1. Which numbered condition in (1) open to solvent by 50 Å² or more (accessible area, probe 1.4 Å); (2) closer than 25 Å to residue 231 by Cα is the only one that residue 84 fails?
2. Only one of these conditions is not met by residue 170: (1) open to solvent by 10 Å² or more (accessible area, probe 1.4 Å); (2) at pLDDT 95 or above; (3) farther than 24 Å from residue 18 by Cβ. Which number is it?
3. Out of 217, 278, which single residue is hydrophobic (A, V, I, L, M, F, W, C) and without any contact (Cβ under 8 Å) to a residue 12 or more places away in the chain?
4. Return the pairs, sorted by first residue and then second, in which the second residue is hydrophobic (A, V, I, L, M, F, W, C) and in a helix (DSSP H, G or I), the first residue lies in segment 29-46 and is open to solvent by less than 100 Å² (accessible area, probe 1.4 Å) and modelled with pLDDT of 95 or more, the beta carbons are less than 6 Å apart, and the residues are 6+ apart or on different chains.
5. Working only within segment 92-120, note down all residues that are part of a loop (DSSP other than H, G, I, E, B) and under 30 Å from residue 55 (Cα atoms).
6. Is it true that residue 270 is open to solvent by less than 10 Å² (accessible area, probe 1.4 Å), more than 30 Å from residue 354 (Cα to Cα) and among the acidic types (Asp, Glu)?
7. Among (1) among the β-branched types (Val, Ile, Thr); (2) open to solvent by 10 Å² or more (accessible area, probe 1.4 Å); (3) over 30 Å from residue 344 (Cβ atoms), which single condition is residue 150 missing?
8. Could you look through segment 171-213, keep only residues that are among the acidic types (Asp, Glu), in contact (Cβ under 8 Å) with a residue 40 or more places away in the chain and part of a loop (DSSP other than H, G, I, E, B), and pick out the one that is farthest from residue 33 (Cα to Cα)?
Amino acid sequence: MQNLRKKFPVLNHCVYANTASAGLLSEDLMEWRQGHDLDFLIGGSEMKNKGFAHMPEIKKVVGKFFNCKAENVALVPNFTLGFNLLLEGLPKDKKVLLVNKDYPSVNWPFETRGFEVDHVDADEHMEESIHAKVKKGDIDVLALSLVQWVDGVRIDFDFLKDLKKEFPDLMILADGTQYCGTEPFDFEASGIDILGASAYKWMLAGYGNGFFLVKDAVMGQFELRGIGNGSVNNDASKRNSITFCKFLEPGHLDSLNFGSLEFAVKFLDEIGPENVQAQLQKLSKKAMAAFTELDLLEPSVTKRKQHSTIFNIKGDEKLFNKLTEENVVASPRGGGIRLSFHFYNTEKEIDVIATLIKRWRSNS
């Protein structure tokens with residue numbers, strides 16, 4: 001992993017603890033993007049037409065990485081647009097269970113469309129709370145982020161699988177934006193019916209690309225309305241035979257952005273998702289110990305069995321400014337300071353942050 005750090009020049013002048021906000025651009029991807037635009041400069045529409053024709057191959061690459069059939073992959077500019085298109089086709093009589101303070105792009109699309117909604121908290125009892133609500137029998141849809149954006153609380157994946165087995169009619173919709181790219185993931189074997197994600201964070205694909213993975217079993221519950229020339233790949237004769245995922249692709253798909261997604265997936269595949277996972281587990285354990293010792297974390301995080309590498313530490317604007325002065329890149333979130341670590345981070349960097357906080361406390 002240390003050799004990979006060289007591919008991310010930002011790391012030369014700061015401790016980058018902000019992947020939960022924006023994943024870094026690698027030198028390799030930048031070079032690919034420059035080559036792409038040079039080809040466009042020289043080739044014009046001919047080059048772009050080849051790019052449009054290549055989209056099915058990109059779906060295959062994404063599908064293989066997450067174990068999802070290529071035809072069940074939809075390419076979208078970002079999670080939010082795709083999710084709104086999806087919910088336009090979901091009957092409004094569904095009762096939906098959401099997580100309090102989940103990412104606005106997960107909760108707001110339900111709350112503003114007139115769905116009946118209920119909520120649970122993302123705390124140490126989250127799974128038990130979800131199970132209790134679903135067991136009552138009136139929940140049709142569970143929609144949540146796999147990893148919470150503010151504090152990194154991560155749902156138990158085995159719980160989701162067991163929940164789906166116990167309640168097969170429950171539709172599980174998941175936002176994987178703060179999860180995808182952090183470890184191996186088998187969509188078909190998961191309890192999730194539809195997974196969407198923007199790929200500019202942990203997948204390091206840059207902005208303007210994302211995807212949805214969909215299981216066949218839930219397609220019949222939607223009446224999707226998003227439609228356009230992209231839905232038929234410029235062939236008007238296909239208007240009455242549009243497949244599910246093409247309703248999520250009503251416009252053209254950009255070869256730069258989705259080519260970047262393909263490049264990023266291949267890059268992660270080369271590193272090995274299991275190697276990424278091993279590094280993140282080390283970092284999560286290290287950060288959990290360091291920040292717990294300093295009493296910087298809420299019980300809702302410290303009491304959970306497993307955690308991501310996103311941490312929201314107790315701290316005000318003064319501490320945030322101090323960390324910024326010391327070239328630690330983080331984000332103020334939820335009344336605290338959010339720190340997030342990817343495979344290009346090191347345990348030593350976590351020690352640096354902990355030392356800075358101790359020093360700041362002693363001087364305050």
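The values are calculated or read from the model by the stated rules, or taken from the named source; none is laboratory data. These numbers come from a predicted model, not from an experiment. Please note: Cβ atoms are built from the backbone with ideal geometry, for glycine as well, and neighbour counts cover all protein chains shown. Calculation scope for accessible area: heavy atoms of the full protein, side chains included, ligands and nucleic acids excluded. Shrake-Rupley method; radii C 1.70, N 1.55, O 1.52, S 1.80 Å.
1. Residue 84 satisfies all of (1) open to solvent by 50 Å² or more (accessible area, probe 1.4 Å); (2) closer than 25 Å to residue 231 by Cα except (1).
2. (1)
3. 278
4. Hits for this filter: 29/263; 32/263; 36/256; 39/47; 40/47.
5. 103
6. No, not satisfied.
7. Going through (1) among the β-branched types (Val, Ile, Thr); (2) open to solvent by 10 Å² or more (accessible area, probe 1.4 Å); (3) over 30 Å from residue 344 (Cβ atoms) one by one, residue 150 breaks only (3).
8. This residue is 188.
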